[in-house]
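Working notes, beginning with the structure itself.
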Amino acid sequence: MRQIIVIGSGPAGYTAALYAARADLNPLLIASSVEAGGELMNTTEVENFPGFPEGVVGPDLMDKMQRQAEKFGTDILFEDVTAVDLSGDVKTVTLGSGEQHQALAVVFATGSAYRKLGLADEDRLSGRGVSWCATCDGFFFRQRTIAVVGGGDSAMEEANFLTRFADKVYVIHRRDSLRASKIMQDRAFANDKIEFVWNAEVVSINGDDRVTGVTLADTLTGERRDLELQGLFIAIGNDPRVHLVHGQLDLTEDGTIAVAGRSSRTNLAGVFAAGDVVDPTYRQAVTAAASGTVAALDAEHYLTTLPKNLLESAAAAASSELASAA
Ligand code: NAP
């Protein structure tokens with residue numbers, strides 16, 4: 001048994017683990033088998049993380065965060081959590097392998113997952129022209145015509161990045177103004193390879209084996225038209241990853257885990273949440289990291305309120321786990 005388990009390995013998870021480790025709590029962080037490092041692993045240049053005036057590439061930033069958390073005693077498992085039991089003083093976390101880990105405090109930093117358009121052929125053509133990740137798949141679209149759906153920072157970032165490869169990048173947005181920050185808008189407007197398709201919704205993705213085009217509906221007139229393209233990148237936001245906690249933790253109207261005020265405390269004692277999974281609004285790497293700090297400090301405080309015998313048995317179990325792993 002551990003004192004604290006952190007689930008998730010984005011900026012919130014690694015920062016929570018860093019603080020918990022520096023508080024000598026020897027945290028176990030469960031990082032996911034395929035999505036370790038979180039959303040920044042799919043990002044190119046991060047220009048707004050303080051301390052990096054020249055910018056930093058997303059995966060490099062996450063590598064640094066991981067190493068910093070490990071340096072102070074965080075143990076990391078690259079596995080997926082399949083179930084949690086959060087009731088009682090001792091929480092149980094079950095992994096895909098069937099292995100179970102227990103802890104007195106759990107921090108959820110599970111982030112968010114790419115939102116889908118909800119179209120019939122979206123999944124069928126995924127990996128065959130439909131993608132959610134420009135940095136992963138952009139390379140396959142050299143000299144092609146592609147489109148990005150969305151009007152936020154992600155869509156602008158993806159569209160700009162994709163012009164490195166594609167000859168033409170449409171940005172299909174359902175309104176006539178963007179949600180993206182001014183600097184990202186300006187960059188996209190200044191890019192000759194990007195053409196905006198305003199007030200348009202994708203109503204079908206066309207193609208048998210691969211994407212050959214999309215059908216658009218004008219959001220004002222309802223008029224439909226086809227657009228020929230070979231790739232469709234969907235960048236319409238994210239939904240908090242809360243499937244593990246349904247029925248155990250209270251959620252907000254936005255679907256995020258509900259926490260008390262500015263704290264990370266959920267409705268269950270000993271269970272804390274941080275990062276995008278609690279934040280429908282700001283969703284920045286920096287705010288996620290800050291929220292991970294809050295969770296670690298809240299968990300640390302909570303642990304001091306527990307009976308001494310529980311804490312001693314957690315510490316003893318963790319050190320015997322470590323000894324047997326050595
Ligand atoms: P977002 O800001 O929520 O934007 C989502 C966009 O997709 C909006 O323009 C929205 O349209 C559109 N959309 C949503 N659902 C749709 C649907 N079903 N069909 C068509 N369009 C749909 O999401 P995001 O761009 O992923 O950004 C998330 C957060 O990360 C933001 O806080 C952003 O600032 C941050 N971020 C920052 C950077 C950076 O600073 N470099 C890069 C990426 C992301 P409406 O506008 O009409 O709602």
Checklist line | Hey, Thr304 under 30 Å from Asp85 (Cβ atoms), at pLDDT 95 or above, surrounded by fewer than 16 Cβ atoms within 10 Å (Cβ to Cβ) and more than 16 Å from the ligand (Cβ to nearest atom) or not | finding: yes
Next item on the list: Confirm whether Val211 is aliphatic (A, V, I, L, M), outside any strand (DSSP E or B) and surrounded by 16 or more Cβ atoms within 10 Å (Cβ to Cβ).
Entry: yes
Notebook entry, point to check: When you look at Thr293, is it within 19 Å of the chain's Cα centre (by Cα), within 16 Å of the ligand (Cβ to nearest atom), under 29 Å from Arg179 (Cα atoms) and of a type in the set (Ser, Thr, Tyr), yes or no?
Noted result: no
Next item on the list: Output the qualifying pairs, or none if there are none: Cβ atoms under 6 angstrom, residues six or more apart or on different chains, first residue in the stretch 221-242 and within 30 Å of Thr266 (Cα to Cα) and part of a strand (DSSP E or B), second residue charged (D, E, K, R) and within 12 Å of the ligand (Cβ to nearest atom).
Entry: Asn238/Arg115; Asp239/Arg115
Notebook entry, point to check: Among the residues of the stretch 207-224, which ones are under 17 Å from Thr145 (Cβ atoms) and more than 13 Å from the ligand (Cβ to nearest atom)?
Noted result: Gly207, Arg210, Val211, Thr212, Gly213, Thr215
Margin query: Residue pairs, Cβ under 7 Å, 6 or more apart or interchain, first in the stretch 170-191 and under 18 Å from Thr215 (Cα atoms), second within 8 Å of the ligand (Cβ to nearest atom) and not in a strand (DSSP E or B). List them.
Written below: Val171/Ala155; His173/Gly150; His173/Gly151; Arg175/Gly151
Next item on the list: Filter the stretch 88-105 down to residues that are among the aliphatic types (A, V, I, L, M) and in contact with a Gly (Cβ under 7 Å, 6 or more places away or on another chain) and give me whichever is farthest from Leu18 (Cα to Cα).
Entry: Leu104
Check: What number goes with the only condition from (1) of a type in the set (A, V, I, L, M, F, W, C); (2) assigned to a loop (DSSP other than H, G, I, E, B); (3) free of Cβ contacts under 8 Å to residues at least 24 places away in the same chain that Leu268 does not pass?
Finding: (3)
Notebook entry, point to check: Regarding Gly237, is this residue closer than 30 Å to Val277 by Cβ, modelled with pLDDT under 95 and within 16 Å of the ligand (Cβ to nearest atom)?
Noted result: yes
Notebook entry, point to check: Which pairs do you get when a residue that is closer than 16 Å to Glu35 by Cα, found in the stretch 48-65, comes within reach of a residue that is assigned to a loop (DSSP other than H, G, I, E, B), reach meaning Cβ atoms under 6 angstrom, with the pair 6+ apart or on two chains?
Noted result: Gly58/Thr43; Met62/Gly37
Notebook entry, point to check: From the list Val171, Val211, Val149, which one is of a type in the set (A, V, I, L, M, F, W, C) and more than 24 Å from the chain's Cα centre (by Cα)?
Noted result: Val211
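The values are calculated or read from the model by the stated rules, or taken from the named source; none is laboratory data. Because the structure is predicted, anything quoted here is derived from the model rather than measured. Backbone-built Cβ (ideal geometry, glycine too); neighbour counts: all protein chains shown.
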